[in-house]
Each structure stands twice: as C-alpha cells, then as structure tokens.
Amino acid sequence: MSTADLILDFANSRNSFTLCELAGYVHDRENISDSGLLWHIRKLIKQNQLSRLSRGLYGKQAKSDFMPSLTEDLRNLYADLTRAFPLIYIVVYSGNDINSLQHHLSANNAIYVEVPKGATEAVFHYLADKKIRAYHRPTEDFMSDYVDLAEKSVIVKALTTEAPIKAVDGVMMPTLEKILVDINADPDFYYLQGNEAFNIMQNALSLYSINTPKMLRYASRRGIRETMLTILNYKD
C-alpha cells in the first residue's frame, strides 16, 4: 500500500485527524518523516481527495464548488450592458466575493465588469453617461488615491481571452480559478497582493474545490504562472 493509500485509509476511518494522529498510524507501517507526510497530505488536498478543515486538522469532508454571488444589482447591470452591447462578451462579479476569501477583511462594494480590451472605453463611457460611478482600467496609483471601495462603483477592465468563466443563471461570471489569478495580476488588486495573496489562497484551498491545471493555464496567459505556483505551494 502506498503512502497516499495509507493516508486515505486512515482518513476514511474518522471524521478528522491531526498530523500527529496520522503519523502514529503511518509510522507503524512505513518509515517516513513528518515532513514527508505533510508533502503527501498537500498533494492529496490539491487532488481534492483530502480537505484542510482548519489549521492542523484534516479530513475527507468534501469541499464545495465556489459560486459567485448573483445580486439583483449584478443581474440588472448585466442585462443593461448586454442590451447595449449585444456583440461583445461581458463578465460581471461582485467585490464581495473577494471579501469572503480574505484574511484581513476590507470593504469592497464595487462591481467588476470585464469586456474585450477594445470595448472597455465604450462601456466605461456608457456607464458614465448614465451617471454611474465608474472607473476605466484603474492603475494602482489611481486606486490608492481616488477609489474608495466601500462606496458602490463599477470597475471596467479588459477580459483576457480564454479566461475561465461560467454562466450563473444566464449571467457570465468568473470561476474561482480566474479570481485567484486576477488578484495577483491586476494592478487594481494591489492591496491584496503580497502576504494577503497567500492567505487568500490558503482560505480558498480550505473552503473550495480548485481546478489547479485550469488555474495555472490561465496564469500562464496572464504571465504569472511562477507567481501562482509559489503561492499555491506555500507552506505555513
């Protein structure tokens, strides 16, 4: 029986377990270090065969699929934009979906609208003409100096081709894999980068099922594959 099989066999016999409890079981059957056990645990978590239930506690509890929140404001904005721009691809989501992943909570009442790069300016002006507080592809400096995410606003950004998205009740929204990559790639998310990005990834891995190959393919398109690998493989 392989080490992975031993771990899963132990996990199947209880609701949860600590590394110490697992080590006592496995060490009776094969010679492996605690660091080696941790390596196998993390690999099984990434394969969605185990879950990290809390700090230092693991189990077979199935993780749920991330579902972005579809508010009435989002639904109405999406309907408005798709009527006004029927020939372009439009993706929307709420900043509150990011809040749920954060370790250090901060308000984010923005709605994010992503459209093909060539259409961002037209969409921005359309929103501005309707007296909606909107920002066009804001830089880090602009976000820091002029944008209060506690206020309702719309941030218009460029949609990367072949980005992982899905339909939620007829509205195109990002997958968790896309959000995790964008947090580390987009300048308007500067406040979430660095240490907070590691916390967000750990929270996401603990709570939700993540398609790692899909996430890394998208990270390659955004030019941050190595960054995402570093964050993904972080050991706390």
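The values are calculated or read from the model by the stated rules, or taken from the named source; none is laboratory data. Predicted model, so just to flag it, every value in this text is computed and none were measured. Note that each Cβ is placed from the backbone with ideal geometry, even for glycine, and that neighbours are counted across all protein chains shown. Each accessible area value is taken on the protein alone, full model and side chains, heavy atoms only, with ligands, DNA and RNA left out. Shrake-Rupley method; radii C 1.70, N 1.55, O 1.52, S 1.80 Å.
Could you check how many percent of all C-alpha pairs in region 47-171 are farther apart than 17 Å? Spell out each step's value before the answer.
Working: 4959 of 7750 pairs.
Result: 64 percent of Cα pairs exceed 17 Å.
Using modelled amide H (1.01 Å from N, peptide plane; none on Pro or chain starts), what sits under 5 Å from the amide H of V168, excluding residues fewer than 5 places away?
The list, which skips near neighbours in sequence, is M173.
Could you check what % of the DSSP bridge pairs in the chain are antiparallel, to the nearest 5?
So the antiparallel bridges in the chain amount to around 55 percent.
Loop sites only, by DSSP: take the GluC sites (Glu not before Pro) in the chain that have at most 16 other C-beta atoms within 10 Å and name the longest stretch containing none of them.
Values: sites that count: E30, E151, E162.
The longest uninterrupted stretch comes out as 31-150.
Treating the Cα atoms of region 88-152 as identical point scatterers in vacuum, please give the log10 of the normalised Debye intensity I(q)/I(0) at q = 0.24, 0.25 Å⁻¹, two decimals.
The computed values of log10 I(q)/I(0) come out as -1.20, -1.25.
Got a number for carbon plus sulfur as a percent of the chain's accessible area, 1.4 Å probe?
That share works out to 49 percent.
If you keep only loop residues by DSSP, which trypsin sites (Lys or Arg not before Pro) in region 13-71 have at most 13 other Cβ atoms within 10 Å of their Cβ?
Counting only loop positions with at most 13 other Cβ atoms within 10 Å, the trypsin sites (Lys or Arg not before Pro) in region 13-71 are R14, R29, R55.
With the calculation restricted to Cα positions, what are the radius of gyration and Dmax of region 1-118 in angstrom?
Rg, Dmax (Cα atoms, Å): 21.8, 67.
Go through K117/K178; K46/K178; K157/K214; K130/K166 and tell me which ones have a Cα-Cα distance over 19 Å in this structure. Kindly include the intermediate steps, with their values, before the conclusion.
Working: K117/K178 17 Å; K46/K178 17 Å; K157/K214 21 Å; K130/K166 28 Å.
Violating the 19 Å Cα-Cα cut-off are K157/K214; K130/K166.
Per residue, how much accessible surface does the chain expose to a 1.4 Å probe? Answer in Å², no decimals.
50
Here are several values of Cα Rg over 2.2 N^0.38 Å: (i) 1.29; (ii) 1.17; (iii) 1.12. Which one was derived from the coordinates shown?
Given (i) 1.29; (ii) 1.17; (iii) 1.12, the structure-derived one carries the label (ii).
I'd like to know how region 166-236 sits against the 2.2 N^0.38 Å rule of thumb: what's its Cα Rg over that expected value?
1.08
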